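Just below is one structure, and these are the notes that go with it.
The values are calculated or read from the model by the stated rules, or taken from the named source; none is laboratory data. Source: prediction; values computed, not measured. All Cβ positions, even for glycine, are placed from backbone atoms using ideal geometry, and neighbour counts span all protein chains on display.
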Amino acid sequence: MGQLEAALQRCSSFSHIRQLHGHLIAAGLFQTLPSTRCKLVELCAVSPFGELAHALATFRQISRPATNDWNAVLRGLARGTDPLAAVSLFAAMARLVGAARDDALTCSFVLQACGRANALRETAQLHGRILRRGFAADFRLQTTLVDAYAKGADVSAAAKVFDEMPQQDVPTWNALINGFAAGSRPHDAVALFRRMAASPACPPDVVTILGALSACAQLGDLVEGESVRAYAREAGLEGNVRVRNALMDMYAKCGSVGGAVEVFRGTAAGDRSLVSWNTVIMALALHGHGARALKLFEEMSAVAGVRPDAVTYLAVLSGCNHAGWEVARGLRGRRHHADPPDVILWQTLLGACKTYGDVPLAERVSGELLAMGSRGDGDYVLLSNVYAAAERWGDVGRVRAAMAEQDVRKVPGFSFIQHPRWREIQRTLEEVRGKVRTLGYAPETAGNVLHDVLEEDKEEALWQHSERLRRAEEIRVVKNLRICGDCHAVAKLVSRAYGCVVVVRDRARFPPLRTRELLLRRLW
């Protein structure tokens with residue numbers, strides 16, 4: 001037995017595992033040596049040279065699997081490509097009469113699987129079982145439960161478990177911070193980061209910094225983002241390549257493309273990963289710097305010798321598109337060489353129909369999307385917006401009725417406005433309105449506000465758009481919707497009238513507020 005255990009410890013390839021497995025069966029020891037058998041299953045399931053399929057086959061040969069046997073294979077399934085298989089196997093274990101009982105470790109592996117699969121319902125069910133089985137005090141389980149709820153998008157449940165814990169470690173804090181950041185609650189993520197940073201017992205690590213920077217990027221909060229950067233610098237974490245990549249992303253999404261480039265240039269050439277190059281190229285593209293994005297792409301390939309991937313090409317093409325360049329000359333007359341369009345391509349074309357006011361093409365594209373089975377809220381909203389811009393209100397009503405019939409719900413719009421004196425700004429809107437009128441502003445109400453109100457009320461509604469609340473030295477506005485054409489025009493005129501810096505980020509990019517040509521061609 002001792003020799004077998006030693007041989008298992010020395011295993012370094014799958015062929016060795018198979019040889020030992022065969023020896024155990026030939027010697028009649030497979031069913032009688034539970035610890036050796038369990039180690040064999042574990043090697044197959046989780047070692048770098050193991051095979052999960054062989055682990056499952058080996059597990060099924062066990063006449064009466066012990067708890068450790070179940071745990072070994074559940075651990076492997078939880079890490080595999082189909083984590084829900086672990087949930088299914090655990091359900092079979094719970095139903096099996098006379099089967100070994102699960103323990104806290106079993107529940108931990110299944111919770112990991114639930115988290116990876118975003119299986120919220122199964123997480124809640126397992127939480128109830130943990131309470132019934134008396135495992136609720138297990139610290140490891142509590143941390144895994146916070147992570148599973150957060151990944152399943154129920155951050156309120158994750159926060160409740162977190163608050164009920166007698167103490168938290170760094171992974172627990174990280175699970176909730178990243179859950180808030182990924183769950184559209186970036187304000188809570190930033191607030192929790194501040195709490196953690198003030199707690200000497202659990203100093204933030206790299207994962208914490210990444211979550212906090214992601215939240216700042218969502219908020220477009222440059223001041224808070226630079227505060228997180230200052231903490232990372234003091235903690236000796238700023239040099240980490242993942243932190244530097246996250247810093248570039250934060251600067252780009254907060255409207256400071258110069259900050260993103262500064263971080264990139266300050267990173268040693270040997271430390272720049274493919275993600276680093278992709279992030280800074282995309283930052284330039286988001287801000288409409290097509291020429292600079294293309295130049296950096298050439299530097300990446302020719303000078304640094306970094307091989308681009310699909311994300312790189314997407315960033316470069318986005319930069320060319322936002323700069324108003326024509327990038328597909330070589331594809332003219334070669335439609336038969338192209339891949340058939342997928343849903344995303346049709347949706348992109350539908351968005352272009354809104355930009356150019358092409359109603360017939362929008363209707364055709366909408367039909368193609370329906371034929372492909374697409375039922376996204378954006379498909380309906382884009383078509384409705386095309387009709388609204390053309391003032392075809394009957395068709396707008398028809399699209400909205402179809403949404404109600406299909407139970408398709410539109411994602412609510414929101415804006416984050418960053419300025420300490422925004423109430424004063426709101427009170428000066430009338431002054432701003434007068435000044436921009438002298439510079440030639442005429443409200444663009446078609447397609448931007450409801451049609452069944454008076455024209456003067458339409459203009460009043462436009463002045464309540466968050467992008468108008470921007471009279472200061474520098475104001476940042478973050479939206480999850482595209483900026484409307486009228487707000488785009490006002491932003492440029494306000495910037496001219498008051499000499500202030502205006503930064504607006506919509507769902508797609510940072511619309512240029514200086515380039516007249518792009519404004520006229522509506523390529524933002």
Exercise. Within the range 306-316, is even one residue of a type in the set (Gly, Ala, Ser) and over 20 Å from SER256 (Cα atoms)?
Worked result: yes
Exercise. Is at least one residue of the range 1-14 part of a helix (DSSP H, G or I), modelled with pLDDT under 85 and crowded, with 17+ Cβ neighbours inside 10 Å?
Worked result: yes
Problem set entry | In the range 203-238, the residues that are in contact with a Lys or Arg (Cβ under 9 Å, 6 or more places away or on another chain) and assigned to a loop (DSSP other than H, G, I, E, B) | GLY220, ASP221, GLU238
Exercise. Is it true that some residue in the range 174-184 is on the phi < 0 side of the Ramachandran plot and either hydroxyl-bearing (Ser, Thr, Tyr) or loosely packed, with under 15 Cβ neighbours inside 10 Å (or both)?
Worked result: no
Exercise. Say we look at the range 188-202 and pick out the residues that are assigned to a helix (DSSP H, G or I) and in contact with a helix residue (DSSP H, G or I) (Cβ under 7 Å, 6 or more places away or on another chain); which of these is farthest from ARG242 (Cα to Cα)?
Worked result: ASP188
Problem set entry | Out of LEU141, LEU43, LEU131, sole residue that is buried (at least 19 other Cβ atoms within 10 Å of the Cβ) and within 30 Å of SER184 (Cβ to Cβ) | LEU141
Exercise. Looking at CYS202, is it crowded, with 21+ Cβ neighbours inside 10 Å and either of a type in the set (D, E, K, R) or touching a residue at least 12 places away in the same chain (Cβ under 8 Å) (or both)?
Worked result: no
For this session: Scan (1) in contact with a Phe, Trp or Tyr (Cβ under 9 Å, 6 or more places away or on another chain); (2) within 14 Å of ASN118 (Cβ to Cβ) for the single condition ASP154 breaks and write down its number.
Result: (1)
Exercise. Going by the conditions given, is ASN278 among the polar types (S, T, N, Q), over 30 Å from ALA352 (Cα atoms), modelled with pLDDT of 90 or more and within 19 Å of the chain's Cα centre (by Cα)?
Worked result: no
Exercise. Within the range 239-285, restricting attention to residues that are among the hydroxyl-bearing types (Ser, Thr, Tyr) and not in a helix (DSSP H, G or I), which residue is farthest from GLY305 (Cα to Cα)?
Worked result: SER256
Exercise. Residues LEU361, LEU370, LEU383: which one is among the hydrophobic types (A, V, I, L, M, F, W, C), buried (at least 20 other Cβ atoms within 10 Å of the Cβ) and either assigned to a helix (DSSP H, G or I) or in contact with a helix residue (DSSP H, G or I) (Cβ under 7 Å, 6 or more places away or on another chain) (or both)?
Worked result: LEU383
Exercise. Do we find a residue being among the small types (Gly, Ala, Ser), within 15 Å of ALA315 (Cα to Cα), at pLDDT below 95 and surrounded by fewer than 24 Cβ atoms within 10 Å (Cβ to Cβ) anywhere in the range 289-299?
Worked result: yes
